[in-house]
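Right, one structure below, let's go through it.
Every read-out reported here was derived from the displayed coordinates using simple, explicitly stated rules and does not represent laboratory data. Predicted, not measured: the structure shown is a model, and the values here were computed from it. Cβ placement follows ideal geometry from the backbone for every residue including glycine, while neighbour counts extend to all protein chains displayed.
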Amino acid sequence: MFRGFLLFAALLLAPSLPAAAQNALLPFLVQSVCLDAAGAPLPGLLPFEAGCARRAPQRQDAPMPYRRHDWPAAQEARALPLGYQASDAVLGSLLGVPAVVHTFDFGAGQARHFGTFDRGQGDGGQVIPLAPGPSFISMTEDGGGGVQWFLSPDCRQGGRGWQGWLLAGPGATDAWTTRVMRLRIAPTPQACPTAFDASLTRFRRTRLDLPWRDAATGRTGATTVDAIVSEHYGGADIASAEHLERFVLARNLGMVRWERWENAAVARRADLSQQARHVQREQRCPMLSVSEPPGPGWQMRDCRFWTNFVRAAPGRPLAAMPWPPSALR
């Protein structure tokens, strides 16, 4: 066992998640760590590579054998091999509740550093509390809106209201499961709204070819993964929605892709087509089989693709970005 990963092995022996937090979607939400026969992590080995016969979910407080970064634009790949943003998909907590934490860790540019929370520089993430049944994003933070909560009408009935932004439910098949959710953004978990907005949400399970990149060498490849595709619309139906946020959740890798699509008939942005062409030219989001417009006039305006892997060297483990703020963990 390599020095530096001793702590990881000890953490793996910590008590497992309480029964109330067991979630059938966990393998799609959290990145896995490869283990040797003794249960020690294998530095630098990815979950889909040969030799990864045993796996465990990555904990936020444990050393990391690898981190997931986004792809750099083709013209910047040599200068910025680590891309622009890392995203950890790890087990953590939210207000004492076991949760999946997806960090958004910018490292390219002045005053931005991978692995640290750079306040005011766009760093943040999203949190999915763990419970039986469907998975919901309950809290997020970004450079524009700061900490925000996605609350549902349940908070009007004395509940937490954490069932607003639906990601997916157990038992997903290759056919879309569709629901219209009601939610609204709030500045704190106690600020229960008096009215809520409708959001068409749908999800399905599929197998797809997933491109990946080795950050150190620039080598690229593809692996076939079991994945859940989740779509969250800014409206009650596709035709009238202004935008779509699409997530791809890959088994053993977590959330590997985010796409933002906009409906030209509703958004009416003069630069939408120009921005969509710009994203294509950059080649930082190779198109997947699921990267299709949901209807006529929809165009992909932005995307992040976290399969640019940074591998830990033996004895030099990596670390997840420390987020959310300690008061919210």
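Given an 8 Å cut-off on Cα distances and at least 6 residues of separation, report the relative contact order of segment 88-152 as a percent. Write down the numbers at each step before the final one.
Numbers: 123 pairs, mean separation 15.2, N = 65.
Relative contact order comes out at 23 percent.
Taking the simple approach of a point 7 Å from Cα along Cα-to-Cβ for both Ser240 and Thr178, what is their distance in nm?
1.4 nm
Nearest 0.05, what FRET efficiency do Ala24 and Ala111 give at R0 = 51 Å with Cβ-Cβ as r?
On the way: r = 41 Å, r/R0 = 0.80.
With R0 = 51 Å, the Cβ-Cβ based efficiency is 0.80.
Please list, in order along segment 61-76, the HN-Hα scalar couplings obtained from phi with the Karplus expression 6.51 cos²θ - 1.76 cosθ + 1.60 (θ = phi - 60°), rounded to whole Hz, x for Gly and Pro.
8, 10, x, 10, x, 7, 10, 9, 10, 7, 6, x, 4, 4, 6, 10
Mind checking the full-extension length gain between Met287 and Ala327? Use 0.36 nm per residue of separation minus the Cα-Cα distance, one decimal, nm.
Working: separation 40, 0.36 × 40 = 14.40 nm, distance 3.87 nm.
Extra length available between Met287 and Ala327 comes to 10.5 nm.
Hey, what do the phi angles of segment 121-126 turn into as Karplus ³J(HN,Hα) couplings, whole Hz, using 6.51/-1.76/1.60 and θ = phi - 60°, x for Gly and Pro?
Values, residue by residue: 10, x, 5, x, x, 9 Hz.
Note the full-extension length gain between Arg55 and Gln274 as 0.36 nm times their separation in residues minus their Cα-Cα distance, in nm to one decimal.
Details: separation 219, 0.36 × 219 = 78.84 nm, distance 4.30 nm.
Additional length available on full extension: 74.5 nm.
Would any residue of segment 216-246 have its amide N under 12 Å from a label point 7 Å out along Cα→Cβ of Asp209? List them or say none.
Hits in segment 216-246 for Asp209 at 12 Å: 221-225.
Below 8 Å between Cα atoms, with a sequence gap of 6+, how large is the relative contact order for the chain in percent? Display every interim value, and only then the final one.
On the way: 836 pairs, mean separation 67.8, N = 329.
21 percent.
Taking 0.36 nm per intervening residue step and subtracting the Cα-Cα distance, what contour gain separates Asp36 from Ala195 on full extension?
Here the segment from Asp36 to Ala195 would lengthen by 52.1 nm.
Looking at (i) 30, 25, 19; (ii) 43, 20, 18; (iii) 34, 24, 17, which value of semi-axes √(5λ) of the Cα gyration tensor in Å comes from a calculation on the structure shown?
(i)
Give the long-range amide H neighbours of Asp226: residues separated by 5 or more places, or on another chain, with amide H under 5 Å away, using H modelled in the peptide plane at 1.01 Å from N.
Arg251
Report, by chain and number, residues whose modeled amide H sits under 5 Å from the one on Arg257, excluding near sequence neighbours (fewer than 5 apart, same chain).
So Arg257 has HN proximity to Val248, Trp306.
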